[in-house]
Amino acid sequence: MKKSLLLILLFLNVKICSAQKFAYVDSKYILEKIPAYLEAKEELDNLSFKWAEEIESLYENIDKMYKKYQIDKLLLTQKMKQTREDEIIKAEEDVKLIQQTKFGPEGELYKKQEELIRPIQNQIYDAINQYAKDGRYSIIFDKSSELLMLYTDKNLDKSDQILEILGYNY
C-alpha cells in the first residue's frame, strides 16, 4: 500500500514538473535593440564624461594650489601657512561634495538614469509578464542577470518575441 501511494505521488510530482514551462530572455540584448535606450545611454555617458572632466579639472586646480604652497612654504608665516592649508583642504572637500552630488548613490547621474532608463525597463518587464501569462510560462529567466546559465537552448530564448510585443521587429 505504501509503495503504491509513493509511486502515485512520484508520478504526480513528475507530471506537475513536466507541465511547467520555462524560458529565458536576454534583457541586455533587448535593451540594445531599443533606440530610446541607446539614446538614453548615450546621454548618460555624455553627462558622466562631462562631469568627470569638470571634477578632474577641479582636482588639477587643487594640485596646482598645493604645488604653489610647497614652493612658497618657506616664505610664509605660520598664520599664512595655516590659511593656505585650510584653503586646500576646503577645496578638496568641495570637490568631494560635488563628486558625491553628481555620482553618489542619490546623485544626479542616478536620478537621470532613473528618469531615462527606468521607464524602458518597466516596459520590458511588462512585456515579459504579458508574454509569460499569454504563453502560460511558470518561469522566465534573464540570461544577462547574475543568474548563472551554464547551457541555454536557443529555442527557449524569447527575447525576440518580447521585442515584438514592444513593437520592435528584428
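Values in this text are rule-based calculations from the coordinates and carry no lab data. No experiment lies behind these values; they were computed from the predicted model shown. Heads up, the Cβs are rebuilt from the backbone with ideal geometry, glycines too, and the neighbour counts pull from every protein chain shown.
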Computed lengthening from Leu109 to Lys50, 0.36 nm per intervening residue step minus Cα-Cα distance:
20.1 nm
Ranked from highest to lowest mean number of other Cβ atoms within 10 Å per residue, what is the order of the peptides 75-87, 39-51?
39-51, 75-87
Expressed in nm to one decimal, what extension gain is obtained for the pair Asp153 and Ile88 from 0.36 nm per residue of sequence separation less their Cα-Cα distance?
17.5 nm
List every residue whose amide H lies under 5 Å from the amide H of Asp142, counting only residues 5 or more places away in sequence or on a different chain, with H placed 1.01 Å from N in the peptide plane.
Val25
